[in-house]
Each structure stands twice: as structure tokens, then as C-alpha cells.
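To start, the structure itself, in C-alpha cells.
Since every read-out is calculated from the coordinates, none of them should be taken as a lab result. If you're wondering where the values come from, they're calculated on a predicted model, not measured in any experiment. Methodologically, a virtual Cβ is constructed for each residue, glycine included, from the backbone with ideal geometry; neighbour enumeration extends over all protein chains shown.
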Amino acid sequence: MLRELDLPADLDARSARIVLRRATSDDLDQIMALLADDPVSASRGDVAAPDDRLAYLDALEQIIGDASNDVLVAVDPTGGLVGTFQLTRIPGMARRGAARLQVEAVRVRSHARSSGIGSAMMGWVTDVAAPTLDAPLVQLTSDAARSDAHRFYERLGFHGSHVGFKYRVAAETSPGE
């Protein structure tokens with residue numbers, strides 16, 4: 001299903017032209033570093049530890065092996081990975097059977113934040129991916145501690161319309177939240 005998306009895609013960010021493409025296992029170390037580059041993620045254990053590589057690899061393979069999911073990466077002109085996010089198309093019963101496009105784990109490398117990369121990535125999600133995948137609703141969650149991210153999403157037209165809840169199951173054996 002997400003394979004219908006026409007990728008790679010050239011995106012214009014204020015700082016540079018970037019290429020958005022599907023992630024591969026070759027991107028894993030850079031994706032791990034992007035997650036660790038975020039203080040909230042790092043506080044949950046995303047520290048890019050070599051011992052965690054197999055868990056991340058398994059997760060990436062499961063995601064990209066599922067037709068309703070994908071992990072995309074944004075690459076700068078030097079070939080460096082500067083952003084990433086996960087997309088999941090969720091069929092729905094509510095809203096007269098409307099599908100949703102869930103965006104997860106949006107990250108932009110700290111040195112590249114406020115450069116237009118995140119806006120370009122999210123603009124592609126709302127303007128290209130959602131219509132292509134017949135998903136009239138794009139949704140995401142953002143940790144309550146991410147006030148800068150909340151302002152960013154609101155500036156892009158997202159509305160804080162719901163309150164999210166999480167329940168940790170077997171915290172000793174489940175990685176992260």
C-alpha cells in the first residue's frame with residue numbers, strides 16, 4: 001500500500017534540497033543516531049548503543065516488511081541522513097470508514113532543525129502521501145514535553161484535538177514507550 005508512493009522525492013527545504021526516500025538497513029546506524037540526538041528519545045533509552053542494534057534492525061525489518069508501514073529518510077546533498085519518520089496507513093471505521101495516515105518518530109538532526117527540513121517532510125506527508133494513499137486524516141502524537149514540536153505542528157496546520165494515553169506492559173521486557 002505505501003509502496004504506491006512515488007519515491008524518491010526531491011524536496012525543497014530553506015537550507016538545501018533534500019531527497020526523501022525509503023529507509024533500508026544500510027540507514028540503520030544513522031536512524032539510531034537521529035533518535036539518540038533527541039533528548040526525549042534519549043531519556044527513554046534511545047542512545048544508539050551498539051548492543052541495541054539488533055532490536056532496531058528487527059523493528060525496521062518488520063516495519064518495511066508490512067505494506068501498511070514504511071520508514072522514510074531525508075538525505076542532504078552530501079548524502080547525510082538529516083531526517084526520518086515512520087508512516088502507517090490505518091483503515092478506520094469512524095468518520096464513515098476514513099483511513100488515517102499516522103506519522104511516528106519524526107526526527108530532524110539537531111544541527112539541521114529550523115532549516116525547513118521538517119516542514120518539507122511534513123508538507124510532503126500532507127500534500128502527497130495522504131492524498132495518494134486515500135487518507136483524508138493525517139495524525140500524530142507528540143510527547144507532552146515537546147513544546148517546540150507542538151508549536152511547529154500547529155504552525156503547519158495540525159490541531160491538538162485529542163489527549164493521548166499510554167499503558168506500559170511488562171516494562172522490564174518492552175523497549176521504550
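Each Lys and Arg Cβ is given +1 and each Asp and Glu Cβ -1; about its Cα centre, the chain then shows a dipole of about 680 debye. Ranked for footprinting exposure by Cβ neighbours inside 10 Å, fewest first, ILE117, ILE18 give ILE117, ILE18. Given Cα pairs under 8 Å that are at least 6 residues apart, what percent is the relative contact order of the chain? Relative contact order, the chain: 22 percent. Residues in the range 47-78, backbone N under 19 Å from the label point at ASP29 (7 Å along the Cα-to-beta-carbon vector): list them, ranges by number please. What the label zone holds, given the 19 Å backbone N cut-off, is 47-61, 73-76, 78.
The orientation-averaged projected area of the convex hull spanned by the Cα atoms of the chain comes to 10.5 nm².
Among complete DSSP H helices in the chain, none has alpha-carbon atoms stretching at least 24 Å along the helix's long axis together with a mean Kyte-Doolittle hydropathy reaching -1.0. For ASP38, ASP51, ASP58, the sequence from fewest to most other C-beta atoms within 10 Å is ASP51, ASP58, ASP38.
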